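The values are calculated or read from the model by the stated rules, or taken from the named source; none is laboratory data. This is a predicted model, so every value here is computed, not measured. We place every Cβ from the backbone using ideal geometry, glycine too, and count neighbours over all the protein chains shown. Ligands, DNA and RNA are stripped out before the accessible areas are found, and what is left, the full protein with its side chains, is counted by its heavy atoms. Shrake-Rupley method; radii C 1.70, N 1.55, O 1.52, S 1.80 Å.
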Amino acid sequence: MAFEIKDKVVLVTGANRGIGKAILEEALHRGASKVYAAVRNIDSAVELVKKHGDRVVPVRVDLEDPASISAAADVAKDVDVVVNNAGVLKVKNALESDAVDTLKFEMDVNVYGLMRIAQAFAPVLKSNGGGALVQLNSVASVKTFSEFATYCASKSASYSITQGLRDSLKEQGTHVVSVHPGPIDTDMGHNAGFEEGAASPTLVATAIFDAIVNDHFHAWPDPMAQQIGEAYQSFATNVVEADMQESVS
């Protein structure tokens, strides 16, 4: 079931900058008692600790390193909400000579990383009453842009896994949220050439916790995302979110 963030414990991957930092700060603003800043380099969270004190607890998580994820789950045994925000993006179309290697890298982080997070933290969330698991997908999950073809493929796959997690975790009472931002004003966005028209990371953070509170599966945070979400809504409601049972003919 949906719930308020006040007095809850949250973990955010990639919490040291960009969207992750906005999510961490929004969680604290809404009264979270603690936020685990899950980052590849613990030193990158020093400023967050200076600003927020012991309400921020750095923990090492590298989505390419399963051992780091398992260790973090052992530390964050009190977590109620896990937000898997960390991801990678390379500007690469499908015809470039290194596109296959790029896709392998993006799949390892954006898809297998999600699966590693879910497998490690699902038992923790269950033991704490269910809670919520949030995955940062993208508008690229449902619409491919040719110059980012490999990234789009990885995000489409992560969206597919997120849908499966929604059904798999329902029985233990874990609410799953799939977040689909458009271009966002972050370092990753700038590196991909998204400076013009990029939306604030705070829109993503707000949309995430609103979706948790309102028991929504999809979140479309920014103007571009909302435009795509409106066009996609009928399929999302009637197919993706419908309780469809597998049939055997």
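Consider segment 176-185. How many of its residues are within 13 Å of the chain's Cα centre (by Cα) and either among the small types (G, A, S) or buried (at least 22 other Cβ atoms within 10 Å of the Cβ) (or both)? Full working, then the answer.
Of segment 176-185, the ones within 13 Å of the chain's Cα centre (by Cα) are 176-181.
Add one more test, that the residue is either among the small types (G, A, S) or buried (at least 22 other Cβ atoms within 10 Å of the Cβ) (or both), and what stays is 177-181.
So the count comes out to 5.
Residues checked against (1) touching a residue at least 12 places away in the same chain (Cβ under 8 Å); (2) surrounded by 16 or more Cβ atoms within 10 Å (Cβ to Cβ); (3) over 16 Å from the mean Cα position of the chain (by Cα):
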position	(1), (2), (3)
A199	yes, yes, yes
A205	yes, yes, no
F209	yes, yes, no
V213	yes, no, yes
H218	yes, yes, no
P221	yes, yes, no
A225	yes, yes, no
E230	no, no, yes
F235	no, no, yes
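Only one residue in V134, V59 is outside any helix (DSSP H, G or I), under 15 Å from the mean Cα position of the chain (by Cα) and among the β-branched types (V, I, T), so which one is that?
Values: V59 fails: under 15 Å from the mean Cα position of the chain (by Cα).
Exactly one of V134, V59 is outside any helix (DSSP H, G or I), under 15 Å from the mean Cα position of the chain (by Cα) and among the β-branched types (V, I, T), namely V134.
Within segment 161-170, can one find any residue that is within 16 Å of G113 (Cα to Cα) and in contact with a Pro (Cβ under 9 Å, 6 or more places away or on another chain)?
Kept after step one, since they are within 16 Å of G113 (Cα to Cα), are these residues of segment 161-170: 161-165.
Going one step further and asking which of them are in contact with a Pro (Cβ under 9 Å, 6 or more places away or on another chain), we end up with none.
No, segment 161-170 contains no residue that is within 16 Å of G113 (Cα to Cα) and in contact with a Pro (Cβ under 9 Å, 6 or more places away or on another chain).
Pull up segment 14-33, narrow it to residues that are among the charged types (D, E, K, R) and assigned to a loop (DSSP other than H, G, I, E, B), then point me to the one that is most open to solvent (accessible area, probe 1.4 Å).
Going through the qualifying residues, I end up with R17.
Of (1) touching a Gly at 6+ places or on another chain (Cβ under 8 Å); (2) over 24 Å from E106 (Cβ atoms); (3) among the hydrophobic types (A, V, I, L, M, F, W, C), V12 satisfies all except one. Which?
(2)
In segment 34-43, which residues are open to solvent by 60 Å² or more (accessible area, probe 1.4 Å) and either of a type in the set (D, E, K, R) or farther than 13 Å from A86 by Cβ (or both)?
The initial filter retains those residues of segment 34-43 that are open to solvent by 60 Å² or more (accessible area, probe 1.4 Å), namely 40-43.
Answer for segment 34-43, where residues must be open to solvent by 60 Å² or more (accessible area, probe 1.4 Å) and either of a type in the set (D, E, K, R) or farther than 13 Å from A86 by Cβ (or both): R40, I42, D43.
Every residue, every condition in (1) open to solvent by less than 50 Å² (accessible area, probe 1.4 Å); (2) part of a loop (DSSP other than H, G, I, E, B); (3) without any contact (Cβ under 8 Å) to a residue 40 or more places away in the chain, yes or no:
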residue	(1), (2), (3)
K50	no, no, yes
I69	yes, no, no
V79	yes, yes, no
A86	yes, yes, no
L95	no, yes, yes
N110	yes, no, no
A122	yes, no, no
